[in-house]
1. Have a look at Ser417, Ser395, Ser399, Ser457 and point out the one that is out of contact with any His (no Cβ under 9 Å at 6 or more places or on another chain), in the same structural domain as Leu489 (by TED's automatic domain parsing), of a type in the set (Ser, Thr, Tyr) and modelled with pLDDT of 80 or more.
2. Going by the conditions given, is Ala380 of a type outside the set (D, E, K, R), in contact with a Leu (Cβ under 8 Å, 6 or more places away or on another chain) and closer than 30 Å to Tyr312 by Cα?
3. Filter region 136-156 down to the residues that are charged (D, E, K, R) and part of a loop (DSSP other than H, G, I, E, B), then identify the one that is modelled with the lowest pLDDT.
4. How do the pairs read when you match residues in region 732-749 that are in contact (Cβ under 8 Å) with a residue 60 or more places away in the chain with residues anywhere that are charged (D, E, K, R) and in a helix (DSSP H, G or I), using Cβ under 7 Å and keeping only pairs 6 or more apart or on different chains?
5. I need the strands (runs of 3 or more DSSP E) fully contained in region 662-709, keeping only those with at least 3 residues that are closer than 21 Å to Lys625 by Cβ and either under 45 Å from the mean Cα position of the chain (by Cα) or in the same structural domain as Thr633 (by TED's automatic domain parsing) (or both).
6. Can Thr318 be described as at pLDDT below 90, in a helix (DSSP H, G or I) and either under 36 Å from the mean Cα position of the chain (by Cα) or buried (at least 17 other Cβ atoms within 10 Å of the Cβ) (or both)?
7. Please give the number of the condition Leu379 fails out of (1) assigned by TED's automatic domain parsing to the domain that holds Gly763; (2) more than 30 Å from Gln522 (Cβ to Cβ).
Amino acid sequence: MKRFDSQNDRSEAESPKPPRWAQRLIRWYCRPDLLEDLQGDLNEYFARNLKAKGAGRARLIYCLDALKFFRPYTVRKPDFLNLFIHWIMLGSYLKTSRRSLVRNKLFSFINIFGLAVSMSVGLLVIALTTDLCSYDDFQVKKDRTYRVITTYQDRDQPIMNFASTSVKVGKKIRETVAGVEDVTILSNGFSGDAHVGEKVIPLEALWADHSFFRVFTFPLLKGDPSTALREPYSLVLTEKTAQKLFGKADPLGKFVRFDTLNYVVTGVAKDVPKLSHMRFEALISFATTEAKQPRTDSKVYSWDNIWQNYVYIVLPSTSDPASVQATLNKLSRQENAAIKNKKITVALQPLKEAALGRKLENAIGPTIMPIVVWILGGLAFIIILSACFNYTNLSIARSLRRSREVGIRKINGALKSHVLGQFMAESVIIALLALVFSFGLFLFLRTQFLALDSHISDLVSLDLSPKISLYFVVMAIAVGLVAGFFPALFFSRINALQVIKDVSTMKVFRHVSMRKALIVIQYTISLIFIATTLIGYNQYRGFLSFDLGFTTENILNIRLQQNKGNLIKKELAEIPEVREIAQSMMITSLGSIHGTSMKYMNPDDSTMVWLNFVDEHYLPVHNHKLVAGKNFTLRPKKGEEREVIVNEQVLKRFNIANKDPQKALGKMITVDGKKLAIVGVLKDFHYGTMDKKIEPVMFRYSSDEPWGYLNVRISSTDLPATMASIDNAWRRIDRIHPLDAKFYDDQIELAYSQFVVMVKVIGFIAFLSICIASLGLFGMVVFTTETRLKEISIRKVLGASESGLIYLLSKGFLSMLLIATFVALPVTYFFFDQVVLTNFAYHQPIGLSELLAGVMIVMFLAFLLIGSQTLKAARKNPANVLKSE
């Protein structure tokens, strides 16, 4: 049986077939709806002729029939004709859309205005994202350049991630790692006054080695990039800096003095583009640091000196970053074996992630996390979606009128695709009209957004470009397609028999209409935004009023800018309003940290302790509370530091004297290799910001450390006059640097400025969301009252009161707002209580007033919109409404 079947199959496979070219010809010219029948008939004739007349004549007859049936009724329309018809239809769509917009002015205004407002936020996000994604695009080797970053862990301390690394990493890569095209080593921290003749200008620079210009594309206007940074005491200036120092003169070969050292200008580079992850005014040859500090200095070139050095590498296009990373992992293991209680691991980070990437400590330039862009994009999407809901809502609400129009078009021969195209075209036209208005709003919003925070204006410019303009148009078309898709699909499915029916009550879920669902979603989003704004603002106010454990009121922090503190103190002491003056290395509670390793009795047990160098006046000025011991008394002589003051957390960490402050006095601890005696124990206070727990902190008093700030307590009834006196005192000592003085309370507000930005942005989004939702609600109320005018008039004739009519018309809308409330408030509370606020060690509880305030605002606005329109409808004269009935 199997043998028979195989023979039969083989005979069928070997039987003659019609000519392939004739079959392709038929498929080419024949209309799709006739093709199957025509092919079947011709194949049947071919089989009959094959038996009766043989293979040759059967093929000939098949070819003649293929040519014979090339007739007008069988030939498909050419593609260019279809395209021509579509263009004609597009003109019809435009004309119909224009008439619809003019005929429905109110609904057209609501749609265009709502889309314009929401799209302006979208334009802002597009410009912001484009700028952030364009960072370092000018670098020729950007796709092959990587920064070496560091993961650092000190015993039991949490893991910290740094953009910086050690010089040793760069040198090891250059000497031992295969598959690396080039390496450059940078270091920050150079700042000083540049002297050229009588001209003195404060200048900040980077140390850079000789391969800097091979790795990075910062073109030199003057000088040789291959040698500009090779020799010690070589200096490359940016174009702007060179003009400040030398004017129009040629700076090459001239000297710039910093302190007592002269640096020769070997190059002038183009100014650093704004969209660069590193910023500098000048570059100083890294060989200068090697000339000052020989390589025998183990501290400078040690594996764990990761705090201010940066390494970048360039890989060949054929190199695998994973193999290089494997070599770096091996190097990390080897070096970590030689150090105790620390684990340092280096890794590669693509250059494109230096600006738009995860937040790293010691970043060399501005950084923004991708999650921020996603959040802003999500907010913009929600706002645009809300406006699209309005369009969908109002379009479906007008279904009674438009369905008749669609039915008549279908009776006259319009296809489903024609109706779909008409409504999609109408939606895109509205979106493009909205784009014109949204662009004007974008120009206004751009200025306001850049002014929100100095960090934002430093990070992006939001300038327009052809690429961004193209993105704007693409976004408008996309919004039009999204907004119009459901109404177009809705109307395209209507058949001619439905033209007299009200199809606006089509359900998305059982017993829930499409219009009601969209209104509930819109107001749920609005309530979430309002509650988020109020909760965020309350947390911000809580951070500012939180008890830090010391006093900040009326304390003016003056940055010394490398001046001698004693000279400034002497001048300030003569001002009557200056009550007390202290000195410190840094300002605490602002987010800046400075740590050092500390040991107690066990030499193998060390931990990172936060640190500040202060004088004997610091504790009284800030009203720090001593729970045991005393303050510093006398300034120690150079190199004779002996005392330290710690907070209670230090005692808890090392269990010093069983955590008893009195018994801890006199105990010796080891800090930076020095034996120091605890002379005082402070009540715990906040060294860092409110998102971090109180940690071990120590105060030291050393003559060897440079002072960074004067902490001045002021008591004044005329603050501007007092500040003028302080400025005059400063100028008597330093005529080069302007006074840099800020009140402590203002600095704390600035430290939490990101919360202000967040509250402003989300508050603005909340405002837009309410406006758009209210516009949609207004349109729905107007439409509902218009369609129920006759019902209202009949009820009024039968004795219904105005208040009863208002209740009848508004109860449906108010019930939808109540549903939105019951959805939004629990979601917002859970999100903040379980997700957001868990990241802050100290935060304010969420109050009921913060949740309900938004509900009251929304209900009030909704009541105004609904009440005004329903009252207007209820007061209409029934005789005028029913006179034609």
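1. Numbers: Ser417 fails: modelled with pLDDT of 80 or more; Ser395 fails: modelled with pLDDT of 80 or more; Ser399 fails: modelled with pLDDT of 80 or more.
None of the other options fit; the residue is Ser457.
2. Details: of a type outside the set (D, E, K, R): yes; in contact with a Leu (Cβ under 8 Å, 6 or more places away or on another chain): yes; closer than 30 Å to Tyr312 by Cα: no.
Taking the combined requirement at face value, the residue does not satisfy it.
3. Going through region 136-156, the residues charged (D, E, K, R) turn out to be 136-137, 141-144, 147, 154-156.
Subsequent filtering for residues that are part of a loop (DSSP other than H, G, I, E, B) retains 136-137, 141, 155-156.
Details: Asp136: 92, Asp137: 92, Lys141: 93, Arg155: 67, Asp156: 64.
By that ranking, first place goes to Asp156.
4. Note: pairs meeting the criteria are Arg732/Glu571; Ile733/Glu571; Leu739/Asp727.
5. Numbers: elements: 668-671, 674-682, 697-700.
Output list reads 674-682, 697-700.
6. Working: at pLDDT below 90: yes; in a helix (DSSP H, G or I): no; either under 36 Å from the mean Cα position of the chain (by Cα) or buried (at least 17 other Cβ atoms within 10 Å of the Cβ) (or both): yes.
So Thr318 does not fit the description; no.
7. Checking Leu379 against (1) assigned by TED's automatic domain parsing to the domain that holds Gly763; (2) more than 30 Å from Gln522 (Cβ to Cβ), the one that fails is (2).
Okay, residues lined up against (1) over 13 Å from Leu67 (Cβ atoms); (2) at pLDDT 85 or above:
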{"residue": "Lys2", "(1), (2)": "yes, no"}
{"residue": "Asn8", "(1), (2)": "yes, no"}
{"residue": "Glu12", "(1), (2)": "yes, no"}
{"residue": "Ser15", "(1), (2)": "yes, no"}
{"residue": "Pro19", "(1), (2)": "no, yes"}
{"residue": "Tyr29", "(1), (2)": "no, no"}
{"residue": "Asp33", "(1), (2)": "yes, no"}
{"residue": "Asp37", "(1), (2)": "yes, no"}
{"residue": "Gly40", "(1), (2)": "yes, yes"}
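The values are calculated or read from the model by the stated rules, or taken from the named source; none is laboratory data. Quantities reported herein were computed from a predicted structural model and do not represent experimental measurements. Methodologically, a virtual Cβ is constructed for each residue, glycine included, from the backbone with ideal geometry; neighbour enumeration extends over all protein chains shown.
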